[in-house]
1. Could you please find all residues in region 227-240 being over 31 Å from the mean Cα position of the chain (by Cα), of a type outside the set (S, T, N, Q) and modelled with pLDDT of 90 or more?
2. So which residues in region 99-125 are assigned to a loop (DSSP other than H, G, I, E, B) and farther than 20 Å from K66 by Cβ?
3. In the list E74, E80, E172, which residue meets the criterion of being outside the structural domain of Q203 (by TED's automatic domain parsing) and either among the aliphatic types (A, V, I, L, M) or within 29 Å of D202 (Cα to Cα) (or both)?
4. Across region 58-98, what is the total count of residues that are within 22 Å of V114 (Cβ to Cβ) and assigned to a helix (DSSP H, G or I)?
5. Checking P130 against (1) outside the structural domain of Q203 (by TED's automatic domain parsing); (2) buried (at least 19 other Cβ atoms within 10 Å of the Cβ); (3) over 20 Å from the mean Cα position of the chain (by Cα): exactly one of these is not met. Which one?
6. Got a sec? Which of A246, A207 is surrounded by 13 or more Cβ atoms within 10 Å (Cβ to Cβ), small (G, A, S), within 15 Å of L144 (Cβ to Cβ) and within 42 Å of the chain's Cα centre (by Cα)?
7. Of all residues in region 63-107, how many are more than 17 Å from the chain's Cα centre (by Cα), crowded, with 17+ Cβ neighbours inside 10 Å and not hydrophobic (A, V, I, L, M, F, W, C)?
8. Out of (1) among the hydrophobic types (A, V, I, L, M, F, W, C); (2) part of a strand (DSSP E or B); (3) in contact with a helix residue (DSSP H, G or I) (Cβ under 7 Å, 6 or more places away or on another chain); (4) under 19 Å from D197 (Cβ atoms), the odd one out for W146 is which?
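The values are calculated or read from the model by the stated rules, or taken from the named source; none is laboratory data. These numbers were taken from a predicted model, which means no experiment stands behind them. Virtual Cβ from ideal backbone geometry, glycine too; neighbours counted across all protein chains shown.
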Amino acid sequence: MAKFRDYHKKSYVNPFFGVGRRGVAAKNRHRRGFGSWRNKLIFISLAIIIGAGIYFIFFSPYFSIKKIEISGLEKISYDELRGMVDEEIRSRRFFIFSQNNIFIFDEKEISDKVYGKYALNFVKVDKSLPGTIKISLEEKKPALIWKTTDKFYVVDWEGAIIREITQTEVREYQGNQSGAKMATVFDDSNTSVANKDKVLNDQAVRAVIDIQNNLPRTTGLVILNFVMADRSDSTLKCITGDGWEAYFSLINDLNAQINKLTAFLMDKKQEERKGLEYVDLRFEDRVYYK
C-alpha cells in the first residue's frame, strides 16, 4: 500500500533569507525597541538643549541689564529719568518675566512713559546686547515764559507748557538787562496749569515773539512784559518801560499794528510819550490813545 507524505505541515527555510518567521519577528522587536530608546534619547537631548537655551537667554546674568545710557538731556533731571527706567526694570512683564533681562525689557513702554511725562520732540529707546539700554531724546525749546498763580512756566512754540521754572531760571531766561531776552506773558485769570497744557495757540506765541523782537528795534521802546485777560482773549497787552500799555489784536495783521504804533510814536515827542496811559492798535483804520 502506497504511503503519502504531507508537505504542508513542514516548515522550510530559504537559506538566502537566513532565519524563519520567528527569527524575523524577534529581530523586528529588537529593532523597534532600539528605535524607541533612540527616539527617547533624542527627545531628552533636545529638551535639555532647549531648556538650557531658554535659561541662558532669559534667566542667566549674562543678558541682565547692566548699563543705561541717556543722551540729549538739557533741563530734565538725569536722576529723575534714570529712576523711571530703574522702576521699569524692576517690574515684571507677562506677570512672570523680570524686565531686568535685555530681551524681556519693554522699550516701547518706557518710551511712552517718558514721552508722556516730558515735553519732547522725540524719544528713542534701543537695546544693545548683551545688556545695555540706550535712551536718546530731544527736549522742546522754550519760546516764552508764562506766569500764573504766582508760578512761572516755560512754553514751547506750539503754546504748550513745558515745565515750571524757578526764579533763578526766570532771571536767566530774561537776562540782567532791562530788555528781557525772553518774553513773559502774565495770565490775568490766574488759571492753574500743568505740564503739556495748551495755554496759547502757535499764532499767539509768534505774535508775542515778533513784538518782543521788532518793536524795540523800530520804536526804541523797552518791553517789560505782556498781559492776557485769559487764554481765549484775542487782545494782547504790551507793558512798556515808559509806563503805558499797547493793545494788540491777535487776529488782525500784526505787522500793520506795529507799523501804526511806530508811525504814531514818531509824531509824539518824548515828553508826550511819558504822559500816555495806553495806545489801542486793535482797529484797522484808527489808533486810539489816552
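1. Those that are over 31 Å from the mean Cα position of the chain (by Cα), of a type outside the set (S, T, N, Q) and modelled with pLDDT of 90 or more: V227, L236, K237, C238, I239.
2. Y118, A119
3. E74
4. 13
5. (2)
6. A207
7. Residues flagged as more than 17 Å from the chain's Cα centre (by Cα), crowded, with 17+ Cβ neighbours inside 10 Å and not hydrophobic (A, V, I, L, M, F, W, C) within region 63-107 amount to 3.
8. Of (1) among the hydrophobic types (A, V, I, L, M, F, W, C); (2) part of a strand (DSSP E or B); (3) in contact with a helix residue (DSSP H, G or I) (Cβ under 7 Å, 6 or more places away or on another chain); (4) under 19 Å from D197 (Cβ atoms), only one is false for W146: (3).
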